Each structure stands twice: as C-alpha cells, then as structure tokens.
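One structure is given here, and the rest of the page talks about it.
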Amino acid sequence: MRGRRYGDAGQAFPIYITVVGGLLFLAFAYFAVGQAAANRNGAQTAADAAALAAAQERRDQLAGNWLRNVRDPEKWQDIFDGDPGGFPGSACGRAAQLAGQNDARLLSCDPGVLRFTVEVETNKTVGDSIVPGTENRRANATATAVVEARCVFKLPAEDAPVKTLPQLSCKGEDWDLDPDDLTILPKPEDLFDAHLAD
C-alpha cells in the first residue's frame, strides 16, 4: 500500500509541472497583450493631441483673419465658413509638434478647410515578449478634429443712417461691437470651437 501511494505522487508531479508551465505562459501572454494595449493607448493619445492641435491652429488663423477684417462685416461669413485669408501658420506642423511631445511621429495629416485627420505612429515598440514579432511592432492610430463657428450675425441694412457693425451672437453670448472702440473683442475660442470629431 505504501509503495502505491509514492507511485501516485510521482505520476502527479509531471501534471503539476505542466499546469504551472501553462499558467506561466498565460501570464506572459497577458503581459504582452497589456504592453500592446498600453502602446495602442499611447498612440491614440498622441493622435488625438495632434489632430486637436491642428484644429486649434486653424481656429487661431481664422480668428486672426476676422480681427484683420473686423471693420468689414461683408467678409465675416467667408471667415466663419473657413477662409483663413492667408493668415500665417501651419496646422499640420503644429500636429507634428504635438505628436512628438507625446512620443510619436506624424505619418500623415489631411488638412481640410475645417477638418483635420491625422495618423501617428509611436516611437516605442511593444518590446520583447513571449509573442513572436512584437519586438519591432509600433502602434498606429488616427484621429479627426473639426473647427466650428460659434457665432452668427445679421448684416445691417444698406440704408442704415450710421455705420455700425453687426451684433455677434456666439453660443449664448452677445457682442455689441463699436467700430470706434474695438478694445474689447471676442477671443479665438469665443469665435470658433475646435474639438475632436465624434
């Protein structure tokens, strides 16, 4: 009887080793998946930041054009529709800068009038793991940001007796602009909203 017990224990040992080895393999595999997910999250963060930076750069260009033409309301609608008027600045250059600050590089930037789609790739790889081929894999992600006008206005009648500027209504805030005193003007974020696309 005693010999049989020792024999049973000897047979269980290889099964124990196999189970422990399998659990270790699964643990390393989950770790590799976690590394890949963290890298992917980093890529998405960089893409979101880059797209938003491009949209904010365009917002500032549009606001600058509006400021240059504040006394000429006939041009306002074109500006609110997306005409930056040659105002200096590079939206995609700003996107590349923000991607770099998030440890990624800009692969592409598709600048629309009021819409920017970017693709980035992380500088870091997933790294060595139990999953073959991950040591050189980098994560890619895309994001889109848009610029939207926040203001509406109505041009004064052509036969108005006094030269006046239209009242700007910007999402609940009204701006009564005096052409003879333009010391208080809306900021770029009052005129335009830059945000990630849904």
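Miscellaneous remarks
- Yes/no for Leu98 being in a helix (DSSP H, G or I), closer than 19 Å to Phe192 by Cβ and out of contact with any helix residue (DSSP H, G or I) (no Cβ under 6 Å at 6 or more places or on another chain): no
- With respect to (1) buried (at least 21 other Cβ atoms within 10 Å of the Cβ); (2) more than 22 Å from the chain's Cα centre (by Cα); (3) among the hydrophobic types (A, V, I, L, M, F, W, C), the lone exception for Ala51 is condition (2).
- Scanning segment 179-198 for residues that are under 17 Å from Val113 (Cβ atoms) and outside any strand (DSSP E or B) yields a count of 3.
- Leading residue by the ranking (nearest to the chain's Cα centre (by Cα)) among those in segment 78-99 that are surrounded by fewer than 16 Cβ atoms within 10 Å (Cβ to Cβ) and free of Cβ contacts under 8 Å to residues at least 40 places away in the same chain: Gly93
- Phe31 vs. criteria surrounded by fewer than 17 Cβ atoms within 10 Å (Cβ to Cβ) and modelled with pLDDT under 80: yes
- Just one residue in the set Leu182, Leu177, Leu155, Leu107 is buried (at least 17 other Cβ atoms within 10 Å of the Cβ), at pLDDT 85 or above and out of contact with any Ser or Thr (no Cβ under 7 Å at 6 or more places or on another chain); that residue is Leu177.
- Selection of segment 124-152 for residues being polar (S, T, N, Q), modelled with pLDDT of 90 or more and either over 29 Å from Lys171 (Cβ atoms) or in contact with a Pro (Cβ under 7 Å, 6 or more places away or on another chain) (or both) yields only Asn140.
- Residues that are within 16 Å of Cys151 (Cβ to Cβ) and touching a Cys at 6+ places or on another chain (Cβ under 7 Å), drawn from segment 64-121: Phe80
- From the options Ala63, Ala46, Ala50, residue that is in contact with a Pro (Cβ under 7 Å, 6 or more places away or on another chain), part of a helix (DSSP H, G or I) and modelled with pLDDT of 90 or more: Ala63
The values are calculated or read from the model by the stated rules, or taken from the named source; none is laboratory data. Just so it is clear, the structure is predicted and the values come from calculations on it, not from any experiment. Here Cβ is always computed from backbone atoms with ideal geometry, including for glycine, and neighbour counts include all displayed protein chains.
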